[in-house]
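K.L.:
One structure is given below, represented as structure tokens, and several questions about it will come after.
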Amino acid sequence: KPAIAAASIFPFEKCLGLEVLTKLVDASIVAKRRYDECSAELPHSAPDVDFYEADFTLADWSDGDVCFANSTCFDEALMATLATRAALLKKGSIFITLTKKLPSDHFTVCDSELYQMSWGGATVFIQRKHL
């Protein structure tokens, strides 16, 4: 959903999602089909959207401009790995996490706010890599 939402709202060149769970990748591909059917109605050029079954700790996503991790259930070790990989992003990149901010000196929290999710409240952290 975040990749589809981003593609629908912003004129990115491309949006992609990495997911380790096959069923969530399959659900994402169904959502992509609906997006493709409606994308001509967007007020901007529709970005390409793709989904991959992949482990974000192994995949190369260092060219991202805006990244999102649904990190609510990530333990400290996984958050540390996420932060190490996020450090490879270019300066000025945005990283959005849920519940936990990136444990990294490379990022500054620009904004954070508590939102109601389907499972309860979660703080959304918007972080920018230092310029």
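K.L.:
Can you find a residue in segment 64-81 that is aliphatic (A, V, I, L, M), touching a helix residue (DSSP H, G or I) at 6+ places or on another chain (Cβ under 9 Å) and crowded, with 19+ Cβ neighbours inside 10 Å? Let's see the steps before the verdict.
P.N.:
The first filter runs over segment 64-81 and keeps only residues aliphatic (A, V, I, L, M), leaving 66, 69, 77-80.
Checking the rest, the ones that are also touching a helix residue (DSSP H, G or I) at 6+ places or on another chain (Cβ under 9 Å) come to 66, 69.
Those still in the list that are crowded, with 19+ Cβ neighbours inside 10 Å too: 69.
For segment 64-81, residues aliphatic (A, V, I, L, M), touching a helix residue (DSSP H, G or I) at 6+ places or on another chain (Cβ under 9 Å) and crowded, with 19+ Cβ neighbours inside 10 Å: present.
K.L.:
Looking at A40, A7, A27, which one is in a helix (DSSP H, G or I) and touching a residue at least 40 places away in the same chain (Cβ under 8 Å)? Reasoning before the result, please.
P.N.:
Details: A40 fails: touching a residue at least 40 places away in the same chain (Cβ under 8 Å); A27 fails: touching a residue at least 40 places away in the same chain (Cβ under 8 Å).
Unique residue meeting the criteria: A7.
K.L.:
Here's something else I'd like to know. Of all the residues that make up segment 1-58, how many are small (G, A, S), under 13 Å from the mean Cα position of the chain (by Cα) and surrounded by fewer than 14 Cβ atoms within 10 Å (Cβ to Cβ)?
P.N.:
The qualifying residues number 1.
K.L.:
Something else: Only one of A83, A87 is more than 19 Å from A6 (Cα to Cα), in contact with a Pro (Cβ under 7 Å, 6 or more places away or on another chain) and in contact (Cβ under 8 Å) with a residue 12 or more places away in the chain; which? Walk me through how you get there before you give the answer.
P.N.:
Working: A87 fails: in contact with a Pro (Cβ under 7 Å, 6 or more places away or on another chain).
When all the criteria are applied, what remains is A83.
K.L.:
Provide a single number: the residues in segment 80-122 that are aromatic (F, W, Y) and either more than 17 Å from D63 (Cα to Cα) or out of contact with any strand residue (DSSP E or B) (no Cβ under 7 Å at 6 or more places or on another chain) (or both). Talk me through it step by step, then tell me what you get.
P.N.:
Residues of segment 80-122 aromatic (F, W, Y): 95, 107, 115, 119.
Cutting the leftovers down to either more than 17 Å from D63 (Cα to Cα) or out of contact with any strand residue (DSSP E or B) (no Cβ under 7 Å at 6 or more places or on another chain) (or both) gives us 115, 119.
Adding up the residues that qualify gives 2.
K.L.:
Across segment 101-111, what is the number of residues that are in contact with a helix residue (DSSP H, G or I) (Cβ under 6 Å, 6 or more places away or on another chain) and surrounded by 18 or more Cβ atoms within 10 Å (Cβ to Cβ)? Please lay out each step first, then the result.
P.N.:
Initially, segment 101-111 is screened for residues in contact with a helix residue (DSSP H, G or I) (Cβ under 6 Å, 6 or more places away or on another chain), giving 102-104.
Restricting the remaining residues to those that are surrounded by 18 or more Cβ atoms within 10 Å (Cβ to Cβ) gives 102, 104.
The number of residues fulfilling the criteria is 2.
Throughout, read-outs are computed from the coordinates displayed, never taken from laboratory work. Keep in mind the model is a prediction, meaning the values are calculated, not measured. Note that each Cβ is placed from the backbone with ideal geometry, even for glycine, and that neighbours are counted across all protein chains shown.
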